[in-house]
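Before any comments, here is the structure.
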Amino acid sequence: MRRCFLHIGTHKTGTSSIQRSLTQVPSLLSKANFYFPNSGKWSADSGHHGLAAAADSAEHEALVDSMILEVARVPHHIILSSEEFTHMLWRNTQGFQRLVDRIRTVADRVTVILYLRRQPDFIESNYLERLKSRFRLGFSTYAFARIHEDLGEFPLDYRRLIDVLDRVSNIDVDVRSYDGIRRSGVLPDFLSAINWPARHMIEEYRVNESLPIVESLKNFCRAQKQRALSGAEERAIELVAQPLPARPRMDFETRRHLIRQFEACNQELATRFALTPLLEAIPDEYMFAGWTGIGDVEPPHQGAIWQVTLDHLFSRGFIEMTETISERLEAIQAALVAAQKLALERYAHSEALQQALDTTHAALATAQRLALERYAKTEALQQALNTTHAALGAERTLAFERYAQIETLHRALAEAKSVPKWRRIFGL
């Protein structure tokens with residue numbers, strides 16, 4: 001007998017982890033006699049979200065036809081998984097029934113697997129998820145609205161969802177608790193639900209799709225303001241978020257109210273489907289046993305607890321607080337910019353002075369070099385002049401000596417002329 005396991009979520013119950021884990025091991029699936037179709041997947045490692053979207057369109061019918069043809073070629077049991085099937089069941093029950101009927105043409109038995117999560121935990125997780133899409137409601141508004149409204153999702157009074165599921169024909173229903181298995185992992189529980197052979201081990205891929213709390217706060221502020229945040233606004237949020245726990249919780253008064261609202265619903269389902277983990281005791285106060293603040297930051301005092309709850313963080317009060325901080329940061333930033341501008345102007349002035357000083361130094365160096373060259377030339381000229389003077393002095397001395405010699409000769413000649421000739425002849 002060929003079976004189809006139709007895993008329909010709900011949201012925030014580890015469906016992405018199951019889908020990612022199963023898409024990684026197609027050969028192992030085949031060995032275990034299971035098949036995870038490719039038709040209807042939006043990406044290689046996603047679930048069959050396309051089979052749950054636009055169920056009344058021709059495109060959807062073509063996609064279902066493609067899936068039926070694909071699984072008809074293999075003899076294995078079929079696994080279809082998408083949390084969007086929950087929305088399809090709730091909003092388009094007839095479309096869901098048609099999908100089941102089409103699956104029955106290639107499978108002898110269809111088992112719908114549905115995981116339920118405690119409503120307060122679901123609200124906390126799903127609210128942060130919706131903020132990724134510019135969701136505008138504050139947390140408290142969303143939490144209390146979800147008591148009676150589905151807000152485009154599905155009812156949190158799970159009895160209403162089960163009532164719709166009960167009206168779908170030709171299916172088996174397996175309702176399971178997410179709360180009892182979230183720490184150990186949802187994949188082992190899912191595999192046990194489909195009678196997976198124990199000898200074939202699959203590694204579970206834990207998918208953490210949650211954003212850091214600071215990014216969720218930024219998303220909330222962007223949605224509230226309907227625009228991108230300024231640098232000062234982002235910085236203000238980052239400063240406020242630094243001492244926060246990694247995963248803030250709702251105010252315990254809100255939690256107590258939600259538990260009371262869904263207590264009868266959960267008790268009824270726990271009895272019918274053996275979902276004891278779905279039940280939750282009403283807390284007396286909010287405890288920080290699992291505090292995960294940044295660094296060595298201590299948990300807040302009990303009187304300040306409300307300030308780190310989702311109710312406070314995702315509220316108008318938080319927006320106003322960050323606006324005040326961002327205005328101060330902008331003022332500080334403006335002052336810093338002005339100071340920086342003044343510093344740059346003074347730096348430019350100093351650079352200009354330094355440049356002028358360098359130019360003056362260069363001119364002085366050039367003048368000094370020129371003076372030294374001229375001094376060297378003057379020294380050379382002086383030396384040449386001295387040499388010339390010395391030569392002239394020597395020539396003058398020689399001239400004087402020759403003049404003296406000539407004078408001596410002249411006197412001797414004059415004396416000779418004054419002696420009579422006959423005496424000169426006779427030597428008398």
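Nothing in this text is a laboratory measurement; each read-out follows from the coordinates by a stated rule. None of the values given here were measured: they were computed from a predicted structure. All Cβ positions, glycine included, derive from the backbone under ideal geometry; neighbour counts span all protein chains shown.
Miscellaneous remarks
- Antiparallel DSSP beta bridges within the chain, as percent of all bridges there, nearest 5: 5 percent
- Each label point was placed 7 Å from the Cα along the Cα-to-Cβ direction; for Glu320 and Glu379 their separation is 8.8 nm.
- Sorted by Cβ density within 10 Å, fewest first, the residues Cys4, Cys265: Cys265, Cys4
- Between Glu407 and Glu330, the contour length at 0.36 nm per residue exceeds the Cα-Cα span by 16.6 nm.
- Helix-only arithmetic for the chain: the sum of -39500 (n - 2.57) across DSSP H runs with n ≥ 4, divided by the residue total, places the mean residue ellipticity at 222 nm at -19000 deg cm²/dmol.
- P(r) tail fraction, region 67-164 - alpha-carbon pairs more than 20 Å apart, %: 48 percent
- In percent, rounded to a whole number, the relative contact order of the chain is 16, using alpha-carbon pairs under 8 Å and six or more apart.
- Overall Cα dimensions of region 161-265 - principal axes, largest extent first, Å: 56, 38, 27
- Estimated dipole of the chain in Debye, rounded to 20 [Cβ of Lys and Arg +1, of Asp and Glu -1, Cα centre]: 2400 debye
- Leu357-Thr387 pseudo-label distance in nm [points 7 Å out on the Cα-to-Cβ vector]: 4.6 nm
- By other beta-carbon atoms within 10 Å, ranking His7, His87 with the fewest at the front produces His87, His7.
- J(HN,Hα) series, region 74-79, from Karplus relation 6.51 cos²θ - 1.76 cosθ + 1.60, nearest Hz, glycine and proline x: 10, x, 7, 5, 9, 10
- Rounded to the nearest 20 debye, dipole of region 339-391 from Cβ charges on Lys, Arg, Asp, Glu: 40 debye
- Which listed pairs, of Lys31/Lys132; Lys41/Lys132; Lys12/Lys218, have C-alpha distances above 31 Å, in listed order: Lys31/Lys132
- Principal semi-axes in Å for region 3-314 [√(5λ), Cα gyration tensor, largest first]: 36, 21, 20
- Cα-Cα pairs of region 122-208 separated by more than 22 Å (percent): 50 percent
- Comparing Lys12, Lys218, Lys377 in a Gaussian network model of the chain (Cα springs below 10 Å), the most mobile by mean-square fluctuation is Lys377.
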